[in-house]
Amino acid sequence: MSSTLTKILLLILLVPRPGLLAAEKKLDPDFLPQGASYHPDVPSPQDFLGYPIGSRFTRHDRLVAYFRQLGESSPRARFEIMGQTYEMRPLIRLSVTDPGRLGGLEEVRQAHLRAADPSNPEDPDRPVVILLGYGVHGNESSSAEAAMLAAYHFCAAQGEEVEALLRKAVILFDPVYNPDGRDRASHWFNMHRSRHLSADRWDREHNEGWPNGRTNHYWFDLNRDWLPGVQVESRTRIEAFHQWLPNVTTDYHEMGSDSTYFFEPTEEANQNPLVPDETYQLTAEFSTAWEEALEELGSLYYTRQVYDDFYPGYGSSYPDLHGGIGVLFEQASSRGHLRETVHGQLSFAFTIRNQVRTSLATVRRAVELRPRLHKLQRDFFASAREPGGAYVFGEPSDPAREDAFLDLLRLHKIRVHRLQSDARLGDAQFAAGEAFIVPLAQRQRRMVQSIFETRIEFPDSLFYDTSAWSMAHAYGIPHAFMGAEAFSQPLLGPEADDAPAAPSASPALERARYAYLFEWTDSRAPALLHELLSREVRVKTAFEPFSIGGHDYGRGTMLVPVSIQETDAQRLHHWMSQAASRHGVPVRTVPSGRTSRGPDLGSNDFRLVPPPRLLMLLGDGVSAYEAGEVWHLLDTRVGMPFTKADLSDLQRLPLEEYDTLVMVSGNYSRLQEADRERLKEWISQGNTLIALRSAVEWAVTSGLAEEKLLPEGPPEPPAQDAPSSERTERIDYAQARETEGAKVIGGAIFATDLDITHPLGFGYRRRQLAVYRNSSILLQPSSNPYSSVAVYRESPLISGYISQENLEKLAGTASLSVSGRGRGRIVLFVDNPNFRGFWHGTNRLFLNAVFLGGLIDLPRVR
C-alpha cells in the first residue's frame, strides 16, 4: 500500500462521524481560563489525542505519550519515567518550570533540600515546589484528564502571568498514581459507551464489573499505602516525594455521583495532632483560591465535613508530616460519560473542568504564599530536633520480619542506629548489637511517632478510615520507649542504614546424613516450605519443642528426613542448599534422630505436611481488598500459585481437587442450599475452610460452623407498659450520625491471648498478639475448650478508638477459632490477619492455616 493511500485512510478514520461529533461537542466545556493564548508548537490534549477531552476515557499509554510530547515540545518541561507498575505500565513525572531553570533542575532540587534544612541558610529566591498528584483510585478518572489540561496550560500558555508563576515555582506533575486500575476502568467505560449516551445510573456503563478500577493490580487501595509502602507504585512515589520534599502536594479524587465538590480544610477535630497548626492555617488560606475558582464556574462545593487528616498514610496527609501541605480534592463522579444525579445530568467533561480549575488555583496560591511555605518547612524540621527520648526495638527470633521493619523505616528516611549497650525497659530486654534504637530528635520525628506511638484518646469518635496505625504493632516487633532522662548519645551505635538483610543460609550447606531442620519462626520459612513441597520433598513439622545438636527448636520446626525421600541424598542436598540460600532461611543438619530433650525425630509428634491445594472464591459481592491481600501475600512473599475462581462457578468447580478453600469477606447469601450442603460434605471429608471476617458470620449463620455469634440477635423491644427505665431514650435527629458512628469499630489495635501450642499458633514465641480489628463481629469462645486459638484479653485496647460499650463486649470473645465438621475443620478469622499487606505480625496465622490447617485435629471433650 502506498504511503499516500495510507495517509488518506488514516484521515478518514480520524474524522468523527457527524452524529458522534455532535454528541461530543455538547460535552466540551471551557476547561481553561477565558482569553488565554497558547504556543502553537505545543499540542493541546485534543490535538494530540484526536478527540475532545471528556468524550473518551484516555488510555494510560496515550496519556504517557502526551506527557512525553509535552516534554519534547515545551522548553519549560522535562519528562521522566520513575518506575513501572506490576502490569508494566510506566510511572511518570513531568517537571515544569521557567526555561532558564530547567537545564539546572538537579541543582535546584538539591538547593531546595538544603534550604529546607534549618541548619543551612535560607535562600529567599528559591522556587516553591508543587507536586500535582492525580488518580490514586483508577476509576476516579477525571483527575488524570485534568492533569493533561493543567500540564498543557503551564507548558504552553503565553503571557506574563504564567511566566511569572514559573519563575517562582517548580511544578511536578504525577498524572496517574494508579495506571493499572485506571486502564481497567477506562476500558470498561469506553467499552460500554453508546453513540447516544445513557445517563441512567442503572446502565451497565455506570456499574463496573468486579473488581473495578479503584485498586491496583493486587486490588490494593493505594490511597492507604503511603505509610505501609507495600505496593510498588507507593514505594516509587515515596522515593520520588523525598527527592523533592514538595511544599504543596495535591491528591485528586472522586466521590459519590450525588455529591458536589470537596476541598480542605477538614473539620478541626479530625486533624492530626502531630501536624503544626500553621499547616492547617495555610491550608485554609489556599481554600479561598479554590472557592473563587469554583464560584467562577458556578460549581457547588463544601469543606470541613466527612474526611479526616488523622491517618498519615493518605496522599493528602503524608505531606503534612514532612513540613509541607497535603490537599484532598473530591469531585462528584460521573462513573462514565454522562450520568443522572440529584443535581441533574453530570458529564465526564464537567467533572474534569472543576479539577482543572482547582489545579490552576493551587499553583497561583502556592506562589503567593511561597515565603510562608518555605518558613513552614524550615520551622517544621527545626522543631523536630528538640530533645526527646528514643524507641528501642528488636526481634532476634525472626530476623526477616525485623529486616522488613528496618526497610520500612529506611523507606521513610528515618535514622536508625544499632543499640550500643544492653537496655532493660519495663519487662523488655534488648541486647547490644542485636537491637536497634531510633532517637526522636531527628528530621523525621513525626514519622517516628506515627510508626511507634499508640493513642486511645481522641477529640472525635468518627473516623473516615482507621483510628490506629502503629506499624511497630502491625509488624509484631517488640519495642519500648526510652524517656529523655534515660536516653543518652553513648547508646547510639553505628547507623543501620546499610544494615544487612536477615542472615541467609550458606551456599555450602553441609550435606545431611540424617535430616535437615529449619525453624518456623522465620517469616521466610513458608516460602522455603512451599518450594520443597512443590518439588515433592517430604517435610514434617514438630508438634512439640525439642533440643538436638545444642540447639532448641520450637513447635512448627520443619524436619526434612533424608531417608524417606523419593529423590537421592545428593539431589536433596542440592535442592535444600539452593532453596535455603534463595529464601534466606538458616538450615541446620543433624547426623542422628536422637534428641536431648523432647520427642526424637522419628516420633509421631512430627507430622507430615501435605502440599496445600488451595482455592479462593471471588467475584461480585466478595471483598476485592481482602482477596487481593491473600493473593499478594501468597504470590509475592510465598511464591505460591493457587486457584482464584469466581463464586458463580462454585456449582461447576471440582471441589474434590482442592483441600483448602479461602472465603474472604463477602455476601454469600446467593449460595443455594445445595451449595451449602456440598461445602459441608466437602469439609467433612477432611478438608479445610478458611473464613475471614464477614465470611465467619456467614459460616456460622448458614450452619457450616457450629459456633455462636454475640449478640445472637437484636434485643426484644420493651413492652408498652414497661417502666420508663427500659424504654428507648430519645435522641435528637441531628445527633444520629455522631451517636451511631461512635458505635462502629472503624479500625483499632487490640491485644489477644494466643495459644502458641496450637498449630495455628506455631512459630510464635509470645502469647500476647496484637491484632487489627475493623468490624463489629463478635464470636463466642468455642464450646470446645481447645478450639479458641486467640481470645481478646480482658483489657484489650492497645491503640485506636472503640466505644466503652463495644470494649466491654469484646473482652473474652474469640479472634481466631476452629470449628470441627466431620474429619475436617473451619478456621474462623474474626479479624483480618492480612490487613492491607503490612500486618506481618498476624500473617503467620493465615499461613499456618494454609500449610498446617489439614493437620488440626480437634480433641474430643469428655
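Tilt of helix 569-583 relative to the longest C-alpha principal axis of the chain, in degrees (0 to 90, nearest 10)? That helix lies at roughly 40 degrees to the long axis.
In this calculation the C-beta distance from residue 429 to residue 65 is compared with R0 = 45 Å, giving a FRET efficiency of 0.15.
Of the whole protein surface, residue 62 contributes about 80 Å² of accessible area at a 1.4 Å probe radius. For the pair residue 73 and residue 513, label points projected 7 Å from Cα toward Cβ lie 7.7 nm apart.
Report summary: the helix-based calculation at 222 nm, which adds -39500 (n - 2.57) for every DSSP H run with n ≥ 4 and divides by the residues of the chain, gives -9500 deg cm²/dmol.
Taking the DSSP bridge list for the chain and keeping only pairs wholly inside it, about 65 percent are antiparallel. Among 145, 340, the sequence by solvent-accessible area, most first, with a 1.4 Å probe is 340, 145. When each of the peptides 848-854, 217-223, 414-420 is scored by the mean number of other C-beta atoms lying within 10 Å of its residues, the order from highest to lowest reads 848-854, 217-223, 414-420.
For the chain, averaging the sequence separation of C-alpha pairs within contact (under 8 Å, six or more residues apart) and dividing by the residue count gives a relative contact order of 10 percent. Heavy-atom accessible surface of the chain, averaged per residue, reaches 41 Å², computed with a 1.4 Å probe.
Once neighbouring chains are kept in place and the probe is 1.4 Å, which whole percent of the accessible area of the chain is contributed by carbon and sulfur? On the chain, the fraction of accessible area on carbon and sulfur atoms equals 48 percent. Could you work out how far helix 399-411 tilts from the main Cα principal axis of the chain, as a 0 to 90 degree angle to the nearest 10? Tilt of helix 399-411: around 10 degrees. Each part gets one Cα centre, and for segment 810-851 versus segment 603-638 those centres are 12 Å apart. Report, in degrees rounded to the nearest 10, the 0 to 90 angle that the Cα long axis of helix 3-14 makes with the longest principal axis of the chain. Taking Cα atoms only, the helix is inclined about 80 degrees. Distance from the Cα centre of segment 63-124 to that of segment 195-223, in angstrom? Value for the Cα centre distance between the two parts: 32 Å.
Model label points for residue 780 and residue 534, set 7 angstrom from Cα along the Cα-to-Cβ axis, are 4.4 nm apart. Accessible area per residue was computed with a 1.4 Å probe on protein heavy atoms; residue 364 scores about 80 Å². In the complete set of protein chains, residue-level accessible area for residue 81 is approximately 90 Å², probe 1.4 angstrom. Can you tell me the FRET efficiency between residue 267 and residue 407 if r is taken as the Cβ-Cβ distance and R0 is 35 Å, rounded to the nearest 0.05? Efficiency computed from Cβ-Cβ geometry: 0.50. Computed log10 I(q)/I(0) for segment 345-485 at 0.11, 0.21 Å⁻¹: -0.61, -1.26, from the Debye equation with unit scatterers placed on every C-alpha and solvent omitted.
The values are calculated or read from the model by the stated rules, or taken from the named source; none is laboratory data. Predicted model only: the values in this text are computed from it and were never measured. Note that each Cβ is placed from the backbone with ideal geometry, even for glycine, and that neighbours are counted across all protein chains shown. These accessible areas exclude ligands, DNA and RNA; they are computed on the full protein's heavy atoms, side chains included. Shrake-Rupley method; radii C 1.70, N 1.55, O 1.52, S 1.80 Å.
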